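Structure record follows, encoded as structure tokens.
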Amino acid sequence: MAAGGLVLLLALGGYVWATGGWLPRFDRPVMTAEQARDRIDHTLHGSLDGVAPAVPYLDGWYDVGRYEDHWDGEASRYSVVSRSWRVRVRLAPGRRDEFLAAVTASWRQRGYRVGPPFGPAGQPYDESQDYVTRSATTPDGVFVTATLDGRSSDLKAGQGGSAPYVTVVVAATVADAEYGGTSVYRQPPAVPADVPRRPDGGPDRTPSVDDPYWSH
């Protein structure tokens, strides 16, 4: 009995040494970093490629957040990855629901599971609010949102009333993906030369493009 117990302990010890511990056995991301990158890209294109006339956008690049270390100090293999595209066109309030319908139709055409639209603070959207978010989930596990914000923003007073145009942001996120660094996600590309700049030199993400169709 004692000999059998010793053999079992030795076997378990060998397993722990060979695998690097107990946690890696259960620390298995749902997809590789490369898969997360490619699926996010595909989802973003699947959101805006169906919009006609086509609209230019400003890329927010990848945002990679690594999960906290395990209790024993071992680095987690998990991460959450997101990327957003901000439409550069000044969308006219009267075109808001048409634009959202185009994005939603593109999602459905590609087999995404589409959720209901919501207004500010998660309120049901009744087409009267100046703000609406709609979300969907792709068959391969990407969560995507389209947010159309037509509220005016005062830096001192906050939100108040309607703005003369609507901002559009589409964002795609993958959770529990394998962690990857710049070797996978690369460095952000240079900002297009025609994008306006803030006083500090950074890109001005405020929509500034007048489109013959969407802006009127």
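Return the inverse of the average 1/r over all pairs of distinct C-alpha atoms in the stretch 162-216, which is the Kirkwood hydrodynamic radius, in Å to one decimal. Result for the stretch 162-216 stands at 15.1 Å. Of the accessible area of the stretch 32-114, computed with a 1.4 Å probe over protein heavy atoms only, carbon and sulfur atoms account for 47 percent. The ratio of the alpha-carbon radius of gyration of the stretch 51-127 to the globular-protein estimate 2.2 N^0.38 Å is 1.56.
A probe of 1.4 angstrom, applied to the heavy atoms of all protein chains, finds ASP49 with accessible area near 100 square angstrom. On a per residue basis, the stretch 66-216 carries 55 Å² of accessible surface, using protein heavy atoms and a 1.4 Å probe.
The values are calculated or read from the model by the stated rules, or taken from the named source; none is laboratory data. A quick note: this is a predicted structure, and the numbers were derived from the prediction, not measured. Heavy atoms of the whole protein, side chains included, go into the accessibility calculation; ligands, DNA and RNA do not. Shrake-Rupley method; radii C 1.70, N 1.55, O 1.52, S 1.80 Å.
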